[in-house]
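Here the structure comes first, spelled out in C-alpha cells, and everything after it is commentary.
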Amino acid sequence: MTTTFAGHDLQRTKALADGVFSIAMTILVLELSIPFFGSVHNEGDLWIILLQVAPRLLVYFMSFITLGIFWTCHSLQYTFITESGRHLNWISIFFLMFVVLVPFSTAFLTGYITFKLAIGHYWPNILILGIFTYVHWQYACKSGFISHEISKKS
C-alpha cells in the first residue's frame, strides 16, 4: 500500500494556482467603477469623465499584465517540475497569498495614486511575488523536482 502525502499531486497545485490567478484577475476588473460626475450632456462631458478614469485604467492594465506575467512564469515552471513535496507546496501557497493581495494593492494605489505610501505598498507586493517565484524555482531545482532535461541546463 502506497501512502500519498499532501503536496505531491502536481495537478492539484496547478489547478489551485490557475483558480487563484483567475479570481485575482477578475477582482481587478470588478474594482473598476465609473464615478458619477453629474449629468452628461454631450460627448465632451463623456471624454472628461474618461480622462478622469484613465489613471485607474492604467493601474488596472499594469496589474493585469503583471499577474499575467507571474501566471505565465508559474505555469512555465510546472512544465519542468515533475515532482513535488510539502515545502514546494507551501512556497506556492505563500506565493499565491501575495497574488491575491494584488487587487487590494491595485485598489489602494488607484484610490491614492498621488501618495507615496500607496506606491510604496504596491511595489513591494510585486517584488515579493518575484522573490517567491525565484525561491520556488530554486527550491524545485535543489530538491531534484525538475525533469532531467532542464536540470542539466540550469
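Compared with the rule-of-thumb size 2.2 N^0.38 Å for a compact globular protein, the chain has a Cα radius of gyration ratio of 1.33. In the chain, the longest principal axis of the Cα atoms and the axis of helix 86-99 are about 10 degrees apart.
Toward the positive end of the charge dipole of the chain, with +1 on the Cβ of Lys and Arg and -1 on the Cβ of Asp and Glu, the farthest Cα among Ala107, Ile49, Val20 is that of Val20. For the pair Tyr112 and Ser39, a Förster radius of 25 Å applied to the C-beta separation gives a FRET efficiency near 0.35, rounded to the nearest 0.05. Taken over segment 63-154, the percentage of Cα pairs per 10 Å bin, counting from 0 up to the bin with the maximum distance, is 16, 42, 26, 12, 4.
The calculated 222 nm mean residue ellipticity attributable to helices in the chain amounts to -25500 deg cm²/dmol, summing -39500 (n - 2.57) over DSSP H runs of n ≥ 4 and dividing by all residues. Average accessible surface for the chain: 65 Å² per residue, computed with a 1.4 Å probe over protein heavy atoms with every protein chain in place.
Among Ile146, Ile93, the sequence by solvent-accessible area, most first, with a 1.4 Å probe is Ile93, Ile146. For Thr82 and Phe61, the difference between the fully extended length at 0.36 nm per residue and the C-alpha to C-alpha distance is 4.2 nm. Taking the protein heavy atoms of the chain in the context of the full set of protein chains, the accessible area attributed to carbon and sulfur is 70 percent at 1.4 Å.
The values are calculated or read from the model by the stated rules, or taken from the named source; none is laboratory data. Note that the structure is a prediction, hence the values are computed from the model and not measured. Methodologically, a virtual Cβ is constructed for each residue, glycine included, from the backbone with ideal geometry; neighbour enumeration extends over all protein chains shown. In case anyone asks, the SASA skips ligands and DNA or RNA and just uses the protein heavy atoms, side chains included. Shrake-Rupley method; radii C 1.70, N 1.55, O 1.52, S 1.80 Å.
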